Amino acid sequence: MAVRTVNKDALQRAVARSTKASAQLERRTVPAGFVRSERVERFLAERRKRS
């Protein structure tokens, strides 16, 4: 298999598509217009910093 370079934006779009498809299979979709709380956003930001 050939090695391919994928830019960061394309990778993030692929992850979002995969996550959405997985959620739909498990019947746990997020309603349109849903907004995360400030506390959750802070938590996720901290996790992103660590990884």
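Values in this text are rule-based calculations from the coordinates and carry no lab data. None of the values given here were measured: they were computed from a predicted structure. All Cβ positions, glycine included, derive from the backbone under ideal geometry; neighbour counts span all protein chains shown.
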Just rank Arg13, Arg4, fewest to most, by other beta-carbon atoms within 10 angstrom.
Arg4, Arg13
Using unit Cβ charges (K, R positive; D, E negative) and no other charged atoms, how large, in debye to the nearest 20, is the dipole of the range 8-50 about its Cα centre?
140
Longest principal axis of the chain (C-alpha) makes with the long axis of helix 8-25 (C-alpha) an angle, in degrees to the nearest 10, of 60
Put +1 on the Cβ of each Lys and Arg and -1 on the Cβ of each Asp and Glu in the chain; which of Val3, Ser22, Ala32 then has its Cα farthest toward the positive end of the dipole?
Val3
May I ask for the angle, rounded to the nearest 10°, between helix 38-50 and the longest principal axis of the chain, with both axes built from Cα atoms and the value confined to 0 to 90°?
30
Identified option (computed mean projected area of the Cα convex hull in nm²; candidates (1) 5.7; (2) 4.1; (3) 4.5)
(1)
